[in-house]
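What follows is one structure encoded as structure tokens, with my remarks underneath.
The values are calculated or read from the model by the stated rules, or taken from the named source; none is laboratory data. Because the structure is predicted, anything quoted here is derived from the model rather than measured. Quick reminder, even Gly has a Cβ in these numbers, built from the backbone with ideal geometry, and neighbours come from all protein chains shown.
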Amino acid sequence: MQIASLYQEHHLWLKQFLYSKLNCQAQAADFAQDTFLRILNKQKRNTLEQIHTPKAYLTTLATGLVNNHWRRLSIEQAYLETLAAQPQCLAPSPETQQQIVDLLEQLAQVLEKLPQREQQVFIMARIDGMAYKDIAEQLHITVNMVQKAMCKAVLACIEVQTQ
Amino acid sequence: MQQTHDVLEQAIEWYVKHETAPLSLAQKQDFEQWLNEHDCHQQAWQQVTHSQQIFTNLPLSSAQSLSTITKANQSRRHVLKSIAALSISSWLTWRYQKELGISAHLADHHAQIGEQLQLTHLAQAKVALNTHSAINLDAKTLWLKYGEAHIVCQVPLAISSPHCHFNAESGGEFILFDDNKQVRFSALNQRFDIVAHGQNYTVDKDHTLIADRNSTRIVETPRHMTSWTKGMLSVSQMPLKQFIAELSRYLHGSIRVAPAAAQLHISGTFSLTDPKQILSQILHTFPELTLNGVPNAWQVINKKT
């Protein structure tokens, strides 16, 4: 795949597309660069799929990046709100706060990939630390169903972490 | 590539088995054998273990994590929808989500601020939505995304809201309210077993569970929690602060009550067809009160000095 020609042909157009979304030239330029960077990285890892329709491909990729950006930003703000509601002495250090936002971002992405039941099971197991049999009891499902839900959820975690 | 994916799935299955119950001796041997069969098995095992361990570092409760994500999602969805307003920071967007009706359009059914909606055509349940509320619905599940709903089930339904879930039988009638501050569940015609903030509760007929961040209590259902289903806000001896908090759910913008005025008490039945009118009625009844600020944005009720 000739990334150089892809860049030359589509860079300007992509920047314009991003500008229409972001209303900011600098940000649009950054996101356009990031989009091509993402393609380069995919190529490096040999995970770049065949690009049949470059415009559609770039649009999807760029929109994904913008979405991630907004997700990150809004999670950060929402987390600060949550934090503000807690006593100040319990506030974690700025580094820890960043880690927590990272984790929340991952969690949000994982949950987006899962149907509701699987979401519920995953939260109960991973965040609440409940045993599978207790989860099964509380949700009126079998332990086997909890296991299946967890398999899906763990796979979703790995997909999010390796994307 | 396929090979890697299969190995990953095997690793996940082993991980889930480990979590279900302690492995038997035979299972342990099987697992050891699988693990040592190939380097890629060990890599996959490490990847799976790591992917899960990081979540144990999250020092938030599930309710906190979820409410943070929900808040963030709501603000984000709105931001994505209103491209023209992208320069608004997401914080502002979150702050004003009530005003902007964020995520309402993504729900199956929603009532705007000040609106009450009767959904009588649904096969699964008769639903009345109170102000600023939204539900999603499929054949077996009703999801209250936010706000308040009066529900009479016509089939057995799993009911779910951000902080509460339970199973309701056909014929079960209840009111559920859920926002980021509080969950309220009123059992109207029978006893319900529900889970709120991760805890199990049994709520008897004519009783209401009120659960917020710090406390949970079950009380006899206060009149004002059901009166909205008849289009009324009916209160007796309610502190002004609480009354305005209830009323402001029906109005655009936020209204605060200054501490000096907070201890006044309100009794009466007010029609919700014109919530603004209720506010003027209150000011008329208590001439010592003043209302300052920007209507439909933020206002403060204070005592005249």
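Enumerate the pairs (first residue in the range B:278-305 and within 17 Å of B:H252 (Cβ to Cβ); second residue anywhere and of a type in the set (D, E, K, R) and in a strand (DSSP E or B)) with beta-carbon separation below 6 Å, excluding pairs fewer than 6 apart on the same chain, so at least 6 apart or on different chains.
Matching pairs, first to second residue: B:V300/B:R256.
Does A:A29 qualify as being modelled with pLDDT under 80 and either of a type in the set (D, E) or touching a helix residue (DSSP H, G or I) at 6+ places or on another chain (Cβ under 9 Å) (or both)?
Taking the combined requirement at face value, the residue does not satisfy it.
Go through the range A:14-46 and report how many residues are touching a Ser or Thr at 6+ places or on another chain (Cβ under 9 Å) and outside any helix (DSSP H, G or I).
2
Can you list residue pairs whose Cβ atoms sit under 6 Å apart, with the first residue in the range B:12-26 being within 10 Å of another protein chain (Cβ to nearest Cβ) and the second being aromatic (F, W, Y)? Count only pairs 6 or more apart in sequence or on different chains.
Short answer, once both residue conditions are applied: B:T20/A:Y132.
Could you tell me whether any residue of the range B:187-203 is among the hydroxyl-bearing types (S, T, Y) and either in the same structural domain as B:T70 (by TED's automatic domain parsing) or in contact with a Leu (Cβ under 6 Å, 6 or more places away or on another chain) (or both)?
Taking every residue of the range B:187-203 in turn, at least one turns out to be among the hydroxyl-bearing types (S, T, Y) and either in the same structural domain as B:T70 (by TED's automatic domain parsing) or in contact with a Leu (Cβ under 6 Å, 6 or more places away or on another chain) (or both).
Quick one: B:S248 ticks every box in (1) closer than 23 Å to B:D179 by Cβ; (2) in contact (Cβ under 8 Å) with a residue 12 or more places away in the chain except a single one, so which number is it?
(2)
What pairs can you find where one residue is in the range B:120-132 and in the same structural domain as B:L272 (by TED's automatic domain parsing) and hydroxyl-bearing (S, T, Y), the other is in a loop (DSSP other than H, G, I, E, B) and buried (at least 19 other Cβ atoms within 10 Å of the Cβ), and their Cβ atoms are less than 6 Å apart, with a gap of 6+ or different chains?
Close Cβ pairs satisfying both conditions: none exist.
Of B:R213, B:R217, B:R249, which residue is modelled with pLDDT of 90 or more, over 20 Å from B:Q281 (Cβ atoms) and touching a strand residue (DSSP E or B) at 6+ places or on another chain (Cβ under 9 Å)?
Only one candidate passes the filter, namely B:R217.
Residue under question is A:E76, and the condition is that it be in a helix (DSSP H, G or I), out of contact with any Asp or Glu (no Cβ under 8 Å at 6 or more places or on another chain) and at the interface with chain B (Cβ under 9 Å from one of its Cβ atoms); does it hold?
When the stated conditions are applied, A:E76 passes them.
List the strands (runs of 3 or more DSSP E) that sit entirely inside the range B:229-279 and contain at least 3 residues that are within 25 Å of B:T305 (Cβ to Cβ).
Answer list for the range B:229-279: B:254-257.
If I ask for residues that are surrounded by fewer than 17 Cβ atoms within 10 Å (Cβ to Cβ) and within 21 Å of the chain's Cα centre (by Cα), which ones from the range B:209-228 would you list?
Listed by number, the residues that qualify are B:D212, B:R213, B:N214, B:S215, B:T216, B:R217, B:I218, B:V219, B:P222, B:S227.
Applying the selection to the range B:111-129, what residues are part of a loop (DSSP other than H, G, I, E, B) and not charged (D, E, K, R)?
Residues satisfying the conditions are B:Q112, B:I113, B:G114, B:Q116, B:T120, B:H121, B:L122, B:A123, B:Q124.
For the subset of the range A:127-151 comprising residues that are at the interface with chain B (Cβ under 9 Å from one of its Cβ atoms) and in contact (Cβ under 8 Å) with a residue 24 or more places away in the chain, which member is nearest to B:L142 (Cα to Cα)?
A:V146
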